[in-house]
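First comes the structure, then the notes that go with it.
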There are 2 protein chains.
Amino acid sequence: MLKHSKQRDAIEQFLATRYDHPTAETVYMNLREEYPKLSLATVYRNLSLLAELGNIQKIPTGNGPDRFDGRPEPHNHFLCDECGSMIDLQMNSIDHVDEIAAQTFDGVIKGHSILFYGICLECLKKEKEQK
Amino acid sequence: MLKHSKQRDAIEQFLATRYDHPTAETVYMNLREEYPKLSLATVYRNLSLLAELGNIQKIPTGNGPDRFDGRPEPHNHFLCDECGSMIDLQMNSIDHVDEIAAQTFDGVIKGHSILFYGICLECLKKEKEQK
DNA sequence: CTTATTGCAAAAGGTTTGCAACCGA
DNA sequence: TCGGTTGCAAACCTTTTGCAATAAG
């Protein structure tokens, strides 16, 4: 059970080419060119499925739509308050937070997600230019 | 500008008595008893305002409604995959993650939010009992 | 008296779902 | 053929918004 689907392949492949953590809508818009009949529902369904399978990551932002990351390996993210851009932060040394958490908690910690927020380089530059 | 409001006080007060990170809906349901004419919109408006003022914390979960925490001091949270309960995790030693992140990132990091996920103690017990 | 706040209802935004048609194994 | 997958539209859930009425300072 779980048949092949061109749409699913295309979605996974598209995410593999993007480093900006697109939304479902963005995936949809881009793939429409190649698959004019593609439906947004199909995009959502496959993004959820791919995330469950562990092939991609779904990253909730707290405001605005979820973002999707073609790289399934654990890593952290930075979200710019101002322009909404999301950036990968590779921080190997940070996995120990699960251990620290485990010391104060008796349940099972499967993992964590850290979302850093602030102002990205581009927005900083723009602010300086305006002065 | 910023007048006093009984509703806002009640919402902040209610949160101060709860350690289970209620949703806006839960706040609403509970305060209806004392304020029968209270509107859900008022609850949302005040929760947002209180969070902006830094009096409470708003915690997005990624699935389901946002949760609210009457304790504004920085701390982390654990969300149970199975029953949806949310627990505070006090981990003073964890603030250095911002520093670590700053080493790999040129923008401004204002803060972070860590959401741990897994299975809580209660759900673990239930699972064991079923076997 | 002025204006922040409220309640109500309607709208918005993002995501999910029902269903018949379609496609892959 | 069987059943997973699609497209479409409608439904859903959470949150926000417009507006006239109310209440705080």
message: I need the full set of residues from segment A:10-35 which are free of Cβ contacts under 8 Å to residues at least 40 places away in the same chain, acidic (Asp, Glu) and away from DNA strand D (no atom under 11 Å from the Cβ), in order please.
response: A:Glu33
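A:Asp98: in contact with a strand residue (DSSP E or B) (Cβ under 9 Å, 6 or more places away or on another chain), within 16 Å of DNA strand C (Cβ to nearest atom) and not hydrophobic (A, V, I, L, M, F, W, C), yes or no?
Details: in contact with a strand residue (DSSP E or B) (Cβ under 9 Å, 6 or more places away or on another chain): yes; within 16 Å of DNA strand C (Cβ to nearest atom): no; not hydrophobic (A, V, I, L, M, F, W, C): yes.
Taking the combined requirement at face value, the residue does not satisfy it.
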query: Out of (1) within 15 Å of DNA strand C (Cβ to nearest atom); (2) in the same structural domain as A:Lys6 (by the TED database), what's the single condition that is false for A:Glu33?
result: (1)
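Matching residues to (1) touching a Phe, Trp or Tyr at 6+ places or on another chain (Cβ under 7 Å); (2) free of Cβ contacts under 8 Å to residues at least 12 places away in the same chain; (3) facing chain B (nearest Cβ under 7 Å):
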{"site": "A:Lys37", "(1), (2), (3)": "no, yes, no"}
{"site": "A:Asn46", "(1), (2), (3)": "no, no, no"}
{"site": "A:Lys58", "(1), (2), (3)": "yes, yes, no"}
{"site": "A:Val97", "(1), (2), (3)": "no, no, yes"}
{"site": "A:Cys123", "(1), (2), (3)": "no, no, no"}
query: Since A:Arg67 meets every condition but one in (1) of a type in the set (D, E, K, R); (2) facing another protein chain (nearest Cβ under 10 Å); (3) within 15 Å of the chain's Cα centre (by Cα); (4) away from DNA strand D (no atom under 16 Å from the Cβ), which condition does it not meet?
result: (2)
statement: Out of (1) part of a strand (DSSP E or B); (2) farther than 18 Å from B:Thr61 by Cα; (3) more than 7 Å from chain B (Cβ to nearest Cβ), the one A:Gly118 does not meet is (3)
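The values are calculated or read from the model by the stated rules, or taken from the named source; none is laboratory data. Owing to the predicted nature of the structure, the values given are computational and were not obtained by experimental measurement. Quick reminder, even Gly has a Cβ in these numbers, built from the backbone with ideal geometry, and neighbours come from all protein chains shown.
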